[in-house]
1. Starting from the Cα of residue 17, step 7 Å along the direction of its Cβ; do the same at residue 31; then give the gap between the two resulting points in nm.
2. If I take every Cα pair under 8 Å that is 6 or more residues apart in the chain, average their sequence separation and divide by the length, what percent do I get for the relative contact order?
3. In Å³ and rounded to a whole number, note down the convex hull volume per residue for the Cα atoms of the chain.
């Protein structure tokens with residue numbers, strides 16, 4: 001069966017982060033947290049909140 005999701009590499013990276021203890025803090029936009037560290041998924045890119 002053909003992969004229908006877009007950005008499979010980004011999805012795989014996020015799944016790896018989740019398996020390493022990161023948690024989904026918000027869903028729209030997707031926000032991941034590990035302690036005080038946060039990242040957002042914006043326009044198909046994973047961006048550290050400190051870079052915004």
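FYI, it's all coordinate maths here, none of it is from the lab. All values reported here derive from a predicted model rather than from experimental measurement. Positions of Cβ are backbone-derived with ideal geometry, glycine not excepted, and every protein chain shown enters the neighbour counts.
1. Label-label distance for residue 17 and residue 31, simple model: 1.3 nm.
2. After rounding, I find 22 percent.
3. Looking at the chain, the number lands at 86 Å³ per residue.
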